[in-house]
1. At 1.4 Å probe size, with the rest of the protein present, what percent of the exposed accessible area of the range 1-88 is carbon and sulfur atoms?
2. Which value, in Å², gives the accessible area per residue of the range 1-98 when a 1.4 Å probe is used on the protein heavy atoms?
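The values are calculated or read from the model by the stated rules, or taken from the named source; none is laboratory data. Please read these numbers as outputs of a predicted model, since none were measured by experiment. Heads up: the accessible areas ignore ligands, DNA and RNA and are worked out on the full protein's heavy atoms, side chains in. Shrake-Rupley method; radii C 1.70, N 1.55, O 1.52, S 1.80 Å.
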Amino acid sequence: MAVGIFISTRLMRERFRLQVYDVLLGVAGVAIAIWNLKAHMVGGIFRPEVLPNPHFRLEVGLAAVLLYCSFYFYRYAHRRNSLAFTLLAMSLAFWAVLMWYGQFRNPYVELFGTAGHLLGPIPQMLLGISMVMVLFENERNAVQENALAFSTLGVDATRLLSACLRDGR
């Protein structure tokens, strides 16, 4: 999901072309996930209570990617004065903070942790709402641009136009 959001930041300024850093980001995420999985293995048995070093946690990398995307969307929202992109940036930043806090294990932090805890689904819900708002805003802008282009065609709006040609055909 984080790689998809990362790629969507570039889709706002250009058409999709797979870049080297997209592949590197995906490979790095998979490598850290495998490394974390191996850190939880003790004697060939998966033990979730065994915690790897926090510097090698997948949540830290995901939080960094989400914070980058949040910053990019916030700058874009500030330039366009867009509430939808501001909400998108805030929801990504909130999700990144929860992912970063997810690396710590104590009873107080688990209240605000990620998946399976009290605030787990809230960032995803905010992200979904903000994406719908962004889609609505983009469609509204497209309709306004089309209406503006149609209004500058030089057509007299008081006359009824016909599809027939003048010579009767």
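1. On the way: 3960 of 5770 Å².
So the carbon and sulfur contribution to the accessible surface is 69 percent.
2. Spelled out: the 1.4 Å probe surface of the range 1-98, per residue, equals 62 Å².
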